[in-house]
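The values are calculated or read from the model by the stated rules, or taken from the named source; none is laboratory data. For clarity, every value in this text was computed on a predicted model and none was experimentally measured. Positions of Cβ are backbone-derived with ideal geometry, glycine not excepted, and every protein chain shown enters the neighbour counts. With ligands, DNA and RNA removed, areas are computed over all heavy atoms of the protein, side chains included. Shrake-Rupley method; radii C 1.70, N 1.55, O 1.52, S 1.80 Å.
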Amino acid sequence: MMSILQVKDLTKIYGEGPTSVVALNGVSFRVDKGEFLAIVGASGSGKSTLMHLIGGVDRATAGSVTIDGHDIFKLNESEMAIFRRRNIGIIYQFYNLIPTLTAEENIMLPRLIDNRKPDADKLRSILETIGLSDRAKHLPSELSGGQQQRVSIGRALINDPAIILADEPTGNLDSRSSREVIDLLKLSNKKYHQTLIVITHDENIAIQADRILIISDGNILRDEEASQ
Amino acid sequence: MKLTAKLALSQIKTQKGHTIMTVLGIALSSAMLTATAGLVLSTQRAFEIVLGRDSYTPARTAALIAVGCVFATMIIAASVIVVSNAFRMSASERTRQFGILKSVGATKKQIAESVIYEGVFLSVIGIPLGVIAGLLVELFGISVANNSLGYMYESNAFAIDIRLPFAVSPLMFLLAVAVSFVTVILSAWRPARKAANIAAIDAVRAKGEVKIKNARTSKLTAKLFGFEGALAAKSVKRSRRGFRATVVSLTISIVLVMVAGAFSAAMNATIRLAFPVSGITAFAQFSSPIEYTYGDDSELENINYSTIDAHTAEKIIAKLREYNGVRVSGVGMNNITYTVTPPEEMMTDKTRQTGILAHGPTRAILMMVDGGAYAGLCEKAGVPVGSNILLNTLRFTSDRGKTSVFTPYNFAKQTLTLTGNGAPDTEITLDGVLSSDEIPAEMLSFGQAALMILVPRTDANVYHWYTNAKDSTGFAEYAKSVMAENIGSDKGLPGYYHVSDIATFKLQQETIAGTVMFFVYGFVGMLALIALTSVISTISTNLRARRREFAVLRSVGMTSDGIRKMLNLESVISSARSLLYGLPIGLLCAYGLYSGMRLAAEIPFRVPWLAVAGCVVGIFSITWVTMRFAASRTRKSNLIETIRREGV
Ligand SMILES: Nc1ncnc2c1ncn2[C@@H]1O[C@H](COP(=O)(O)OP(=O)(O)OP(=O)(O)O)[C@@H](O)[C@H]1O
Ligand SMILES: [Mg+2]
């Protein structure tokens with residue numbers, strides 16, 4: 001099967017000289033299209049760093065990330081931005097919504113940025129999927145934490161990205177909301193055949209994945225198929 | 001609407017205080033630009049009306065435009081500083097928003113665009129308001145100018161009746177709008193580029209200000225002001241940029257106020273210099289023609305001049321008093337007939353130092369005053385009427401232009417020999433003395449390097465009649481007729497006369513000065529206002545950005561009093577700092593201004609204490625009031641709400 005994501009010798013060093021921190025130390029792995037990958041590891045092991053590099057919001061010290069045949073570090077900034085808005089959906093632990101925009105506007109954000117026509121049908125189906133049809137016109141401050149996170153998932157899904165990256169998407173939620181969020185992510189993973197990469201501390205979530213990557217001190221400790 | 005535009009608009013809508021202040025700043029600067037353009041245009045029209053069109057018209061127009069450009073440059077400079085600060089603040093408030101946009105794939109261009117849109121929206125509100133206000137300012141300025149121009153014409157100071165017409169032209173509007181708009185967009189440019197260049201990763205992580213350095217504060221601060229003081233010092237050090245913007249704007253205002261204060265003091269000093277004798281509203285003068293004849297060996301052979309005797313002078317006084325019974329005093333002098341060589345021991349050290357009277361014969365001036373005044377002066381000097389009194393004063397201006405008044409002679413009762421020029425020598429006994437501050441000012445208006453002696457009566461080649469009549473213009477008319485009746489070869493008193501309506505002249509000078517001051521203060525005041533809008537919005541934005549900090553401080557148990565104390569100290573620190581920079585710079589500028597004006601008139605440099613005091617009080621109250629106002633608004637917001645909202 002063709003791999004959608006290919007990470008090769010990825011290294012990230014923060015700072016310089018004696019105070020520098022090696023956050024990633026030559027990490028390599030591949031992810032197949034449609035796969036659900038969980039990344040786990042101790043705090044400070046380099047998970048978020050890895051995700052920022054894959055998402056193209058940060059630049060690596062060495063190594064490459066290839067998504068769908070594009071070496072993303074070869075793209076210049078605006079090419080990267082356009083590539084990201086069309087191919088990658090990012091979900092953070094803190095929902096990172098724009099407080100002055102309504103839920104539906106936040107969901108439409110990647111499209112609005114692309115100057116593309118808001119697609120009403122697509123929006124409706126996403127709102128239905130995330131279960132917020134009746135909250136579409138609300139501002140983020142009027143939503144609960146779980147609802148806000150669902151909005152940010154909707155935002156990640158709106159452009160049918162090839163890859164969804166989620167950094168501790170349930171880190172701030174209670175168990176019920178967590179379950180809803182993960183079910184939602186899994187649903188779109190199965191339904192639209194999107195590749196899903198989730199960073200998590202939650203074992204219950206990790207065991208639902210097709211594959212688990214364990215990271216320790218910037219290295220891959222283990223890479224195992226889940227025993228489903 | 002495009003998303004970038006929409007986000008800019010929502011920033012404008014949510015940050016109301018900041019928006020209002022920025023719009024005010026933009027409006028003020030475009031008002032000033034409009035008014036400047038309008039006044040230039042209207043002055044140009046006035047010239048054209050009075051002088052007509054001739055070959056100099058283009059040159060005059062060019063000169064006017066050049067003056068306009070100088071003012072415009074100052075206005076633009078102030079507004080660039082202020083408006084770019086406003087955009088920097090709003091961009092840094094939006095850092096997080098830009099990070100989110102970037103992580104969903106917005107390009108640099110789109111981020112920059114969003115900041116520029118903010119500039120466009122603010123201009124759309126601010127510039128039209130400013131242009132309207134500018135027209136009102138122009139109208140007001142013109143009416144003030146015309147008021148004094150009209151007075152000048154009526155009081156015969158100007159031969160022609162110049163009035164400024166209220167003038168507008170499409171070009172002027174276009175220019176004001178275009179320049180204002182370009183100023184705003186230019187100011188937004190750098191903050192926009194900076195915002196676009198923030199790495200997405202930093203922006204997403206950032207909770208407000210991007211980088212926070214560890215700020216150390218001295219133990220002394222903590223000891224003096226407690227924990228709150230240490231916190232205040234820390235936050236001043238940390239958000240250096242915000243505080244710097246406040247300090248720069250306050251410093252600009254201080255410098256402006258100081259310069260205006262110095263300018264007004266210098267103007268007043270110049271007027272005072274022109275009218276040293278206060279209380280006098282008009283005077284008439286007799287002066288004799290003087291003819292020198294020289295012999296074959298070009299030796300001075302004879303001086304031919306006419307004089308007025310005490311009797312005639314008193315007669316004229318009586319005549320002048322008939323005008324509504326006003327008070328008239330007279331001073332006359334003979335400064336031609338005699339020279340004197342005072343004995344060496346009579347010289348004071350100061351006289352020897354200056355060398356002004358030291359060597360050889362000096363002029364001897366014999367002075368007389370009207371009978372009543374003479375009796376008064378004799379009493380002052382403690383001598384009987386009929387005595388000769390030494391007027392022991394000298395006004396001296398050095399090569400460097402410094403004027404001083406000092407005592408030239410050591411007085412002792414003695415007899416001096418006066419050498420007559422074309423007249424027999426004579427002896428005179430000095431019976432008493434009057435010092436600088438005992439001598440009436442009008443006697444000193446003759447001020448010369450000479451030995452001055454007040455005598456009971458003499459034949460004067462110059463005589464002045466002074467009055468303090470209220471109706472100086474009427475008195476001057478009347479005095480002219482009296483002079484015409486008494487002075488002239490055919491009237492037995494050959495000589496010239498001249499009548500001066502001082503009060504009116506002084507009023508004219510003051511009117512001109514007042515008008516100039518109106519424009520200077522207006523200009524400076526508006527520039528300072530522009531700077532102040534920046535101060536207010538910087539302080540309140542800073543406080544808003546720190547809502548979370550306050551919420552956290554309160555959640556760990558800091559009282560509102562504690563927070564208030566912290567904010568008070570912060571405002572004291574930034575005020576003190578801007579005074580530290582502003583006062584010396586302002587003084588320097590004021591001194592520069594004086595040096596420039598001294599080229600035209602002899603005025604002493606004085607520190608404009610009034611302006612200094614005004615600045616100190618003004619600065620402290622402005623920062624304090626703003627802080628308190630902004631703080632009271634943040635305090636109203638709910639603690640949990642704040643922490644929660646900031647987490648969005
Ligand atoms: N901007 C930075 N500058 C310097 N060091 C950094 C920076 N960001 C991360 N690090 C360091 O890099 C290492 C990896 O950080 P990273 O955020 O990837 O950890 P993580 O696995 O996501 O941890 P957590 O589970 O707590 O989120 C850590 O040691 C961290 O201290
Ligand atoms: Mg992390």
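Where does region B:282-500 land on the Kirkwood hydrodynamic radius, alpha-carbon pairs, in angstrom? Before the final figure, lay out each step's value.
Details: mean 1/r = 0.0540 Å⁻¹.
So the Kirkwood estimate lands at 18.5 Å.
At the nearest 100 Å², what buried accessible area, both sides summed, do you get for A and B when the probe is 1.4 Å? Before the final figure, lay out the partial values.
Numbers: alone 11090 and 32670 Å², together 41310 Å².
Buried surface at the A/B interface: approximately 2500 Å².
How far apart, in nanometres, would the label points at B:CYS589 and B:LEU174 be if each is projected 7 angstrom from Cα along the Cα-to-Cβ direction?
In this crude spin-label approximation the distance works out to 3.4 nm.
If I take every Cα pair under 8 Å that is 6 or more residues apart in chain B, average their sequence separation and divide by the length, what percent do I get for the relative contact order? Don't skip to the answer; put the middle values down first.
Working: 995 pairs, mean separation 134.2, N = 648.
Relative contact order, chain B: 21 percent.
Tell me which residues come under 5 Å, amide H to amide H, from A:SER216 once H is placed; ignore anything under 5 positions away on its chain.
Distant-sequence amide H within range of A:SER216: A:LEU221.
List the residues of region A:77-92 that lose 10 Å² or more of accessible area once all protein chains are present, compared with their chain alone (1.4 Å probe, heavy atoms only, no ligands or nucleic acids).
So the qualifying set is A:GLU77, A:SER78, A:ALA81, A:ARG84, A:ARG85, A:ILE90, A:TYR92.
Using DSSP to call loops (not H, G, I, E or B), can you name the chymotrypsin sites (Phe, Trp or Tyr not before Pro) in region B:68-159 whose Cβ has at most 15 other Cβ atoms within 10 angstrom? Intermediate results must be reported in sequence, preceding the final value.
Values: sites: B:PHE71, B:PHE87, B:PHE98, B:TYR117, B:PHE121, B:PHE140, B:TYR151, B:TYR153, B:PHE158; in loops: B:PHE158.
Those that pass, being in a loop and sparsely packed, are B:PHE158.
What share of the DSSP beta bridges in the protein assembly as shown is antiparallel, in percent to the nearest 5?
On the way: 69 of 95 bridges.
Given both bridge residues lie in the protein assembly as shown, the antiparallel proportion sits at roughly 75 percent.
Rg and Dmax in Å for region B:276-329, alpha carbons only: what are they?
17.6, 55
At what distance in angstrom do the alpha carbon centres of region A:19-40 and region A:151-228 lie from each other?
First find each Cα centre; the distance between them is then 14 Å.
Enter the accessible area per residue of the protein assembly as shown (Å², integer; probe 1.4 Å; all protein chains in place).
Details: 41310 Å² over 876 residues.
Per residue, the protein assembly as shown has an accessible area of 47 Å².
Which longest uninterrupted range of chain B lacks any GluC sites (Glu not before Pro) assigned by DSSP to a loop state (not H, G, I, E or B) and surrounded by at most 13 other Cβ atoms within 10 Å? It would help to have the intermediate numbers written out before the result.
Values: sites that count: B:GLU299, B:GLU322, B:GLU602.
Maximal segment without exposed cleavage sites: B:1-298.
Hey, if we sort A:TYR192, B:TYR294 by accessible area with the 1.4 Å probe, largest down, what's the order?
The residues order as B:TYR294, A:TYR192, largest area first.
Specify the angular offset, from 0 to 90 degrees and rounded to the nearest 10, of the alpha carbon long axis of helix A:175-191 from the longest principal axis of the alpha carbons in chain A.
Helix A:175-191 and the main axis of chain A meet at about 80 degrees.
Given a 1.4 Å probe and the protein chains all in place, what does the accessible area of A:HIS193 round to, in Å² to the nearest 10?
Probe radius 1.4 Å; accessible area of A:HIS193 about 90 Å².
Heavy-atom accessible area of B:MET597 with all protein chains present, probe 1.4 Å, nearest 10 Å²?
Counting only protein heavy atoms, B:MET597 exposes about 40 Å² to solvent.
Once you've got the Cα coordinates, tell me which of A:LYS137/B:LYS2; B:LYS2/B:LYS234; B:LYS315/B:LYS470; B:LYS194/B:LYS234; B:LYS380/B:LYS480 are over 30 Å apart.
Beyond 30 Å between Cα atoms: B:LYS2/B:LYS234; B:LYS380/B:LYS480.
For the full complex of protein chains and a 1.4 angstrom probe, list A:HIS70, A:HIS138 by accessible area with the highest value first.
Numbers: A:HIS70 85, A:HIS138 60 Å².
Result, largest first: A:HIS70, A:HIS138.
May I ask you to derive the relative contact order of chain A, considering only C-alpha pairs under 8 Å and at least 6 residues apart, and to give it as an integer percent?
On the way: 436 pairs, mean separation 64.0, N = 228.
Relative CO of chain A lands at 28 percent.
Work out the FRET efficiency for A:ASP223 and A:THR19 from their Cβ-Cβ distance, taking R0 = 35 Å, and round it to the nearest 0.05.
The calculated FRET efficiency here is 0.70.
Of B:PHE140, B:GLY52, B:ILE26, whose Cα points farthest to the positive end of the dipole of region B:1-208 (charges on the beta-carbon: +1 Lys, Arg; -1 Asp, Glu; origin at the Cα centre)?
The listed residue farthest towards the positive side: B:ILE26.
Tell me the Kirkwood radius of chain B: reciprocal of the mean inverse pair distance over distinct alpha-carbon atoms, in Å. Intermediate values should be presented prior to the final figure.
Working: mean 1/r = 0.0325 Å⁻¹.
30.7 Å is the Kirkwood radius here.
Find the all-direction average of the projected area of the Cα convex hull for region B:6-154, expressing the result in square nanometres with one decimal place.
Details: hull surface 45.6 nm².
If you wrap the Cα atoms of region B:6-154 in a convex hull and average its projections, you get 11.4 nm².
As an exercise, use a Förster radius of 56 Å and the Cβ-Cβ distance of B:ALA66 and A:ARG30 to find the FRET efficiency, rounded to the nearest 0.05.
For B:ALA66 and A:ARG30, the calculated efficiency is 0.20.
For chain A, take the alpha-carbon Rg, divide it by the Kirkwood Rh, and send me Rg/Rh.
Details: Rg = 17.2 Å, Rh = 18.0 Å.
Reported Rg/Rh, Kirkwood definition of Rh: 0.96.
Normalised by the residues of region B:401-531, what does the relative contact order come to in percent, with Cα pairs under 8 Å and at least six apart?
Working: 58 pairs, mean separation 15.4, N = 131.
Dividing the mean separation by the residue count of region B:401-531 yields 12 percent.
Tell me, what is the 1.4 Å probe accessible area of A:THR11, in Å² to the nearest 10?
Looks like 30 Å² after rounding.
What's the carbon and sulfur percent of the protein assembly as shown's accessible surface, probe 1.4 angstrom, rounded to a whole number? Intermediate results must be reported in sequence, preceding the final value.
Details: 24070 of 41310 Å².
C and S fraction of accessible area: 58 percent.
Please compute the modelled spin-label separation between B:THR417 and B:PHE620, points set 7 Å along Cα→Cβ, answer in nm with one decimal.
7.0 nm
Roughly what would the spin-label model give for A:ASP9 and A:HIS201, points 7 Å off Cα along C-beta, in nm?
Once both label points are built, they end up 3.5 nm from each other.
Give me a single rounded figure for B:94-103: the average over its residues of other chain Cβ atoms within 10 Å of their Cβ. Don't skip to the end; give the middle numbers.
Details: counts 2, 0, 4, 6, 0, 2, 11, 7, 8, 17.
The mean count of partner-chain Cβ atoms within 10 Å per residue comes to 6.
Given q = 0.05, 0.11 Å⁻¹, what are the Debye log10 I(q)/I(0) values for the protein assembly as shown, with equal point scatterers placed on the Cα positions and solvent ignored?
-0.51, -1.26
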